[in-house]
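To start, the structure itself, in structure tokens.
The values are calculated or read from the model by the stated rules, or taken from the named source; none is laboratory data. Since this is a predicted model, take the numbers as computed values, not measurements. Note: ideal-geometry Cβ built from the backbone for every residue, glycine included; neighbour counts use all protein chains shown.
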Amino acid sequence: MARPASIPNLRVTSRRTFLRGAGGIAIALPWLESIATRRAHAGGTAGNAGYLQFIHPQGTLVDRWAPAAGNALVLSQMLQPLAGLEPELVVVSGVANTTSGLNQMSNGHNSAGRTLLTCMPFADNLSNGALLPADQQVDNGPAGGPSIDQVLADRIGTSTPYRSVDFGVGGAEVGEYQMQWAGANDPVTLEGDPLLAFDRLFSDLDPEMPTTMTRLRAARKSVLDTVDGAFGQLTVRVSAADRLRLEAHAEKIRELEDRLDNLGGGGASCGVPVLEVPPDFAAWDPALDDQAAKAFIDMMVMSFACDLTRVGTLQFTDYHDPHFPWLGLPIPGTYDSWHTMIHEVPNGGDPAPVQGAMDWYMLQLAYLITSLANTIDGPDGTGRLLDRMLVVSLSEFGNGGTHSTQQLPVVLAGQVGGALATGRHVAAEGATSGELFAGILGLFGFEDQCFGWAEECSGPLGL
């Protein structure tokens, strides 16, 4: 479309429309019916509550995981590594990821990984918002919608320096287990190197480690102020509907500026964490995953303590062949991989080493919860960081040996500022993961009746 002569400093490309200001600074515009480019998006906030998801692979041993019936929390055999933390926990049993089964040609891992946090079928299996027939489906592909963490990042993570902090223990390569999505066909990248994560997150807190971002913050002026009033002139020349879009877009730009200006802050415990990995640490080496896990957990806790973010992910990415050498267990033993070893448990394989490794994941969860509980929060130094948090631990499978997405092992911790009563078992037999996540959104003050694929959800799970 040709540039309207009456609107100064407007630049239209085949993809985007920009306003150009002094010094060549330009800002992209939202979709405007008056100019025909793109649509803006607005989100909400919910106080200073934090959301942290802890994803461990290959499910659990369901017959050893399920808690005893009733509302009282009695830890099962597989949850014994969390002993002593019962007052901080809510164990949710019976939740099923039924959306995974909608991808009828999937190999199991593909669909379970893509749907766990999105509750949406593959994007390529959808047409005009409807699910394609099974014989027209693909067996792998990108997710069909955003994951729960990124939805919350849009709603509660807009005022912090980072919308979300996302770590991959075992490296950043996730393959079939790309679980985080900003939207359909839009994957979120994990950081798999503790050293790089440390430099990115905490160099601003150390005066001896200035970064490019620090210098840019010190030198920059307001982006909106540099366009010489052109933005204001544009708003009076477009339709009323476009004026609202421009105002919302301007608010988003101001919000981004506030995030750039915000170096974090947080409570009395905010500081530079101690990074206990050697300078030559190799993030790709699975024999070092125990070191990576501790480093990432320590950094994640401090990211929340310093209010660098309010949404985080810790994902253990090696689901195929970790050996856990620090445990001294015969893994994979006579099998060609850890993956194969798990599959053989239902066929008479020895479950003891499998439980030993899965216990280790729960020990990492226990360390995370304990660290959050021991971190002083708030300017007066009287609160605990865990009390304003929700930690969600889950896996893509219930019984990993059979690729079952029934009976997902869900553990919650933290009180979300008083919204969640802890020390309980919630029996949720028949509930779907979409209902679970809708219930979680409710803890943050949102009124979503469903999350993800609407046909797999009949209302939020009461938590």
Some residue of the range 396-409 being at pLDDT 95 or above, farther than 30 Å from G348 by Cβ and in the same structural domain as A112 (by TED's automatic domain parsing): no
Test: residue in the range 381-396 that is more than 22 Å from L85 (Cα to Cα), surrounded by 20 or more Cβ atoms within 10 Å (Cβ to Cβ) and in contact (Cβ under 8 Å) with a residue 24 or more places away in the chain: yes
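Just checking, does the range 287-307 include any residue being part of a loop (DSSP other than H, G, I, E, B) and at pLDDT 80 or above? Before you say what the answer is, go through the steps one by one.
Of all residues in the range 287-307, those part of a loop (DSSP other than H, G, I, E, B) come to 306-307.
With at pLDDT 80 or above added as a condition, the list becomes 306-307.
Scanning the range 287-307, I find at least one residue that is part of a loop (DSSP other than H, G, I, E, B) and at pLDDT 80 or above, so the answer is yes.
So which strands (runs of 3 or more DSSP E) are wholly in the range 333-447 and hold at least 2 residues that are under 22 Å from S303 (Cβ atoms)? Talk me through it step by step, then tell me what you get.
Working: elements: 389-394, 410-413, 424-427.
Once the strands (runs of 3 or more DSSP E) in the range 333-447 are filtered for at least 2 residues that are under 22 Å from S303 (Cβ atoms), what remains is 389-394, 410-413.
State yes or no: is L463 outside any helix (DSSP H, G or I), under 25 Å from P146 (Cα atoms) and of a type in the set (A, V, I, L, M)? Before you say what the answer is, go through the steps one by one.
On the way: outside any helix (DSSP H, G or I): yes; under 25 Å from P146 (Cα atoms): yes; of a type in the set (A, V, I, L, M): yes.
Yes; evaluated as a whole, the condition is true for this residue.
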Pair list, Cβ < 6 Å and 6+ apart or interchain, from the range 66-83 residues that are closer than 22 Å to A352 by Cβ to residues that are at pLDDT below 90 and of a type in the set (D, E): none
Subset of the range 339-386 [within 30 Å of R310 (Cβ to Cβ) and touching a His at 6+ places or on another chain (Cβ under 6 Å)]: Y361
When residues of the range 76-124 are limited to those that are of a type in the set (S, T, Y) and not in a helix (DSSP H, G or I), the one nearest to A431 (Cα to Cα): S93
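Determine which member of the set W31, W65 is at pLDDT below 90 and of a type in the set (F, W, Y). Break it down stepwise before answering.
Numbers: W65 fails: at pLDDT below 90.
That would be W31, the only listed residue that is at pLDDT below 90 and of a type in the set (F, W, Y).
Rundown of residues vs (1) of a type in the set (S, T, N, Q); (2) assigned to a helix (DSSP H, G or I); (3) assigned by TED's automatic domain parsing to the domain that holds F122; (4) closer than 15 Å to G312 by Cβ, yes/no style:
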position: L152; (1), (2), (3), (4): no, yes, yes, yes
position: Y162; (1), (2), (3), (4): no, no, yes, yes
position: F167; (1), (2), (3), (4): no, no, yes, yes
position: G171; (1), (2), (3), (4): no, no, yes, no
position: E176; (1), (2), (3), (4): no, yes, yes, no
position: A182; (1), (2), (3), (4): no, no, yes, no
position: L196; (1), (2), (3), (4): no, yes, yes, no
position: D199; (1), (2), (3), (4): no, yes, yes, no
position: F202; (1), (2), (3), (4): no, yes, yes, yes
